[in-house]
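The values are calculated or read from the model by the stated rules, or taken from the named source; none is laboratory data. Small disclaimer: the values here were computed from a predicted structure and weren't measured. Note that we place each Cβ from the backbone using ideal geometry, even for glycine, and neighbour counts take in every protein chain shown. What goes into the accessible areas is simple: the full protein's heavy atoms, side chains included, and nothing from ligands, DNA or RNA. Shrake-Rupley method; radii C 1.70, N 1.55, O 1.52, S 1.80 Å.
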Amino acid sequence: MNLTLQVWRQPGPTAEGGLKEYKATDVSPDMSFLEMLDVVNERLIEKGEMPIAFDHDCREGICGSCGMMINGVAHGPSRGTATCQLHMRSFRDGDTIVIEPWRARAFPVIKDLVVNRGALDRIIAAGGYITAPTGSAQDANSIPVPKQDADASMDAAACIGCGACVAACPNGSASLFTGAKISHLGLLPQGQPERYRRALSMVAQMDIEGFGGCTLFGECQAACPKEISIDVISRMNRDFLRAAVTKPAERSGGGGDG
Amino acid sequence: MWALTLYRSTIGKKIIMAVTGLVLVVFVIGHMAGNLQEFLGPARMNAYAAFLKSTGELLWIARIGLIAATVLHVLMAWQLTQIKRAARPVDYTKREPQVSTLASRTMRWGGVFLLVFIVFHILHFTTGTVFPIASQPGDQFSHTDVYGNVVSAFRTPWVTAFYVVAMLFLLLHLFHGAWSSVRTLGLSKPSDHPLHRRISTVIAVVVWLGFSAIPVAVLLGVIR
Ligand code: HEM
Ligand code: FES
């Protein structure tokens, strides 16, 4: 197949950027979207031009590195997949494809399609962990977890932090990401001691990073390669509201320095 | 202070919108039910209006509460819109909404229209200020004949049209808002067919039909 690409090119963080047109010829429908870009890049290199910069690593939808706006849709037209899992058979011969980086104040462009998603890491650093002495792991069955909670927690934990939720959101909100992280820990016994402090500090960091607020458009859950539900946002709001209004006392884990 | 914690956060601001929005939803349902007495004739309608006025301080407490709710609701909407604008300084050349509803996408501008409507509506039927231009020529505004005011107003086609369009915006606003407020407050339980989706749809449609019925009935001569 032969395609016309319109790709956002921007040499550096402060440089002016713009859409540039490229012809992608002899593309196999079995290629992944990133393989198609690899081919385009090889030809650019042969011509002595700068290849298109984009993030990628695992290329199997588990690392969260890849991500671009493809024809106005985060991660492209197929549902529940990351850009690396998108195949060229999702397009038709002769199509024009507009490719842009994630757009958000909190995601500054580094180069071309590569954006800095450090804001998401800082939200995790604000509370997306449990404070527990490490060491050898204890027996898996020593803390019973109800099946529904384990399943719901696992669904939230599927978040790979790609940032598609922010990219797709008309408000540029990181609520699905933050909600997923708060839910996946808050649903488990191990997450209880810091549950309410976590909600307050992760939400505060989310605001500091300059993400927008949630108005429940639902675009995030449609864009999410892991199909995480906006139910995690309700859960985040519930924990945040309880934390802000009733200031629940933290239950101490016992032992150690008490 | 917890109120300040809420005010300082995007989620808290949205929670304030949800609470004030629900206060307005309850009012809107009550207001609609009360207004439907226009169908029962001048005696019933004017007695109802006289009863409301007779409550004195209570009426003023309710009015101040509603004004406060509206002001907070609009203020939070405005602030969150500013934050949203700042959150994406460089926009996409192309962004295709995938699943968002028309209702969700018209919350902001529809809200502005509702605000204009609310101001006009109070100047029309509560104070009578715009009554002379928005009612039948020559008819006088009367503080005691509420029934007559309504009939005079809606015999004027553009006034009926304006109210019917405003109620369409209210339909959209409630279809999204009643549903989203439940989620904003974290009251929803995970489900594919949540009850609050159905209840919100019913509220939005009932309020739309109930309010629109009166001006349309007057224009068609059913209420005279
Ligand atoms: C009859 C009057 C009104 C009622 C009953 C009402 C009700 C509601 C409710 C229940 C919500 C949901 C809150 C949430 O999602 O947590 C909402 C949201 C909202 N309202 Fe109103 N509202 C009214 C008037 C207004 C006005 C006058 C404006 C603006 C000038 C406005 C702007 C908004 C906006 C921007 C949202 C947030 C959008 C979203 O959640 O997606 N509303 N409203
Ligand atoms: S490259 Fe790892 S998720 Fe796409």
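A compact table of results
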quantity: Test item: A:237-246 mean partner chain Cβ contacts at 10 Å; calculated: 6
quantity: Segment A:117-251, accessible surface, carbon-and-sulfur percent (1.4 angstrom probe); calculated: 56
quantity: Loop-located GluC sites (Glu not before Pro) in segment A:1-88, at most 10 other Cβ atoms within 10 Å (DSSP); calculated: A:16, A:60
quantity: Order of exposure, largest accessible area first, which applies to A:203, A:145, B:26 with probe 1.4 Å; calculated: B:26, A:145, A:203
quantity: Residue-averaged 222 nm ellipticity for chain B, from DSSP H runs of 4+ at -39500 (n - 2.57), nearest 500; calculated: -23500 deg cm²/dmol
quantity: Per-selection Rg to Rh, segment A:117-251 - Cα, Kirkwood hydrodynamic radius; calculated: 0.97
quantity: Shape call, the protein assembly as shown: gyration tensor on alpha carbons, a/c limit 1.5; calculated: oblate
quantity: Residue A:245/residue A:150 FRET efficiency (R0 25 Å; Cβ-Cβ; nearest 0.05); calculated: 0.30
quantity: Diffusion coefficient, µm² s⁻¹, Stokes-Einstein with Kirkwood Rh over alpha-carbon pairs of chain A at 10 °C and 1.306 mPa s; calculated: 80
quantity: Cα gyration tensor shape of segment A:16-106, rounded if a/c is under 1.5, else prolate or oblate by comparing a/b with b/c; calculated: rounded
quantity: Rg and Dmax [Cα atoms of segment B:1-159; Å; Rg one decimal, Dmax integer]; calculated: 19.9, 60
quantity: Nearby aspartates and glutamates by direct alpha-carbon distance to residue B:94 (threshold 12 angstrom, same-chain neighbours under 8 apart not counted); calculated: A:100
quantity: Value of [θ]222 nm, deg cm²/dmol, for chain A, DSSP H segments ≥ 4, -39500 (n - 2.57) each, nearest 500; calculated: -10000 deg cm²/dmol
quantity: Computed accessible area, residue B:223, all protein chains, 1.4 angstrom probe, square angstrom; calculated: 10
quantity: Mean accessible surface per residue for segment A:54-189, computed with a 1.4 Å probe while every protein chain stays in place, in Å²; calculated: 42
quantity: Computed over chain B: relative contact order in percent, which uses C-alpha pairs under 8 Å that are six or more apart; calculated: 28
quantity: Within the protein assembly as shown, percent of DSSP bridges classed antiparallel, to nearest 5; calculated: 75
quantity: Per DSSP, loop chymotrypsin sites (Phe, Trp or Tyr not before Pro) in segment A:99-184 with at most 14 further Cβ within 10 Å; calculated: A:129
quantity: Chains A and B, summed buried accessible surface - 1.4 Å probe, Å², nearest 100; calculated: 3600
quantity: Kirkwood estimate for segment B:69-201, i.e. one over the average of 1/r between Cα atoms, Å; calculated: 17.8
